[in-house]
Amino acid sequence: MEITFETVRDIIVNTISCDQEDVKPETNLYEDLEADSLEAVELSMAFQDAFGVGIEDEDLTQIKTVQDIVDYLTAKKG
């Protein structure tokens with residue numbers, strides 16, 4: 001599966017049960033979507049399943065926005 005904003009958005013919507021229209025590139029996972037640390041880990045596992053690459057635990061705190069996720073996963077997938 002290709003890493004695009006749309007695929008990342010869909011995984012976020014399905015994993016943390018938010019509305020699709022609330023997820024934009026600039027959306028902050030913690031402030032705007034009120035994700036907690038458990039949901040962040042669940043997202044990482046969902047990305048691992050979908051793309052074969054997840055977010056390292058130590059990097060979870062650095063990633064804030066949906067665009068950060070897309071950029072991170074794209075760089076890791078490289």
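For the range 33-45, does any single residue satisfy the condition of being among the polar types (S, T, N, Q), closer than 16 Å to THR74 by Cα and within 12 Å of the chain's Cα centre (by Cα)?
Yes: one or more hits.
Going by the structure shown, is LEU43 at pLDDT below 95 and in contact with a helix residue (DSSP H, G or I) (Cβ under 7 Å, 6 or more places away or on another chain)?
no
What pairs come up if the first residue lies in the range 5-32 and is under 19 Å from ILE55 (Cα atoms), the second is of a type in the set (D, E, K, R) and not in a loop (DSSP other than H, G, I, E, B), and their beta carbons are under 6 Å apart, counting only those six or more places apart or on different chains?
Close Cβ pairs satisfying both conditions: THR15/GLU42; ILE16/GLU39; VAL23/ARG9.
The values are calculated or read from the model by the stated rules, or taken from the named source; none is laboratory data. Source: prediction; values computed, not measured. Don't worry about glycine lacking a Cβ; one is built from the backbone with ideal geometry, like all the others, and counts go over all protein chains shown.
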